[in-house]
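> Questions regarding the structure given below will be posed in turn.
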Amino acid sequence: MKKKISALILAALLVAATDARAQKFSLPDGYDDIRVLLIGNSFTYFHDCDSMLIQIARSQGVRIRLGEYLKGGQTFGQHLNLPCTAEAIAAGRYDWAFIQDFSNNAALYARDGEKSVLKNTILLRDRILQASPHCRIVLERTWSYPGNGAGGFASDRELDKYLQKGASTLSRKAKLPLSPIGNAFATVRSERPDIGLFEPDDKHQNASGSYLKCCVNWLIISGKPFDGDVATCGLDPQTAAYLRSVAERTVLSKKK
């Protein structure tokens, strides 16, 4: 009986630990820091993706403070009804916000004309701007994946095509810049298939995928190439260097 109770307690602790990764982190006062809001789901919290952004920024001489609410499987529509998301947004005075919708919503918007996707993107944008009028809000263009039936599409290539089309249209209509994370993923998968970017489920990002995503988002914030000794966040230095080079090509080549 005691062993059963211990096993149940352990299971509960594991669930709590997993849930804790998806909660809002406190945003301490720090007027000289860049304040960044993250709204998303598991594509933002797997492998401590949020803390990787902090590490990369610090290695570039910049301190980032996060306000965030990350909950698995959430759409923008669901986030709009979550009190903790509202609390994170209401903290205000954000310089940047990166918003990440459910993994295939942009593709469904492009293929099926799901009007709620655009509506909720705009509603979330407006709520953020109400609390932080000068915030630069960036819509994340997430990656395609073969797992989970490619999100209801014929293949991950088809999913990628519709993600690109849908995200570009949402970006234009909601007047939000895109973070081209999915484009960077596609480049790595084409050039270096030996560098896996996915967990065994072939959907969620592994540590390399999280690092690539954070490199892309950091370059959007900084607007310039990496300099000096950049944090590798536990990755092999050569792998990390390659992923940073892809991020630079993806983000900065458009500015030239």
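The values are calculated or read from the model by the stated rules, or taken from the named source; none is laboratory data. Computed from a prediction, not measured in an experiment: that's the story for all the values here. All Cβ positions, even for glycine, are placed from backbone atoms using ideal geometry, and neighbour counts span all protein chains on display. When the accessible area is computed, the model is the full protein with side chains, heavy atoms only, and any ligands, DNA or RNA have been set aside. Shrake-Rupley method; radii C 1.70, N 1.55, O 1.52, S 1.80 Å.
> Output the residues belonging to region 119-146 that are assigned to a loop (DSSP other than H, G, I, E, B) and within 15 Å of Arg172 (Cβ to Cβ).
Matches in region 119-146: Arg141 only.
> Here's something else I'd like to know. Please find, within region 75-101, the residue that is farthest from the chain's Cα centre (by Cα) out of those that are surrounded by fewer than 23 Cβ atoms within 10 Å (Cβ to Cβ) and closer than 29 Å to Ala240 by Cα.
Ranking the candidates gives Asp95 first.
> Can I ask one more? How many residues are within 26 Å of Ile64 (Cβ to Cβ), open to solvent by 30 Å² or more (accessible area, probe 1.4 Å) and part of a helix (DSSP H, G or I) when one looks only at region 165-206?
Residues flagged as within 26 Å of Ile64 (Cβ to Cβ), open to solvent by 30 Å² or more (accessible area, probe 1.4 Å) and part of a helix (DSSP H, G or I) within region 165-206 amount to 2.
> Just for helices (runs of 4 or more DSSP H) wholly inside region 2-118: which have at least 1 residues that are at pLDDT 70 or above, of a type in the set (Lys, Arg) and under 25 Å from Leu212 (Cα atoms)?
Filter on region 2-118 gives 49-59.
> Now for a different question. Only one residue in Glu248, Glu191, Glu199 is of a type in the set (D, E, K, R) and in contact with a Leu (Cβ under 8 Å, 6 or more places away or on another chain). Which one?
The match here is Glu248.
> Applying the selection to region 147-164, what residues are open to solvent by 40 Å² or more (accessible area, probe 1.4 Å) and in a loop (DSSP other than H, G, I, E, B)?
Within region 147-164, Gly152, Ala154, Ser155 qualify.
> Here's another thing I want to ask about it. Which one of these does Ser132 not meet: (1) surrounded by 17 or more Cβ atoms within 10 Å (Cβ to Cβ); (2) free of Cβ contacts under 8 Å to residues at least 24 places away in the same chain; (3) of a type in the set (S, T, N, Q)?
(2)
> From Leu252, Leu235, which residue is touching a residue at least 12 places away in the same chain (Cβ under 8 Å), among the hydrophobic types (A, V, I, L, M, F, W, C), open to solvent by less than 80 Å² (accessible area, probe 1.4 Å) and part of a helix (DSSP H, G or I)? Even if it seems obvious, please write down each step before you answer.
On the way: Leu235 fails: part of a helix (DSSP H, G or I).
Being touching a residue at least 12 places away in the same chain (Cβ under 8 Å), among the hydrophobic types (A, V, I, L, M, F, W, C), open to solvent by less than 80 Å² (accessible area, probe 1.4 Å) and part of a helix (DSSP H, G or I) holds for just one of Leu252, Leu235, which is Leu252.
> Okay, next question. How about region 207-232: which of its residues are in contact (Cβ under 8 Å) with a residue 60 or more places away in the chain, surrounded by 21 or more Cβ atoms within 10 Å (Cβ to Cβ) and under 27 Å from Gly149 (Cα atoms)?
Across region 207-232, the qualifying residues are Gly209, Ser210, Tyr211, Lys213, Cys214.
> Out of region 223-256, which residues are among the basic types (Lys, Arg) and either under 30 Å from Phe153 (Cα atoms) or within 19 Å of the chain's Cα centre (by Cα) (or both)? Walk me through how you get there before you give the answer.
Kept after step one, since they are among the basic types (Lys, Arg), are these residues of region 223-256: 224, 244, 249, 254-256.
Matches in region 223-256: Arg244, Arg249, Lys254.
> A further question on this structure: Can you give me the number of residues within region 180-222 that are within 11 Å of the chain's Cα centre (by Cα) and among the polar types (S, T, N, Q)?
Qualifying residue count, region 180-222: 3.
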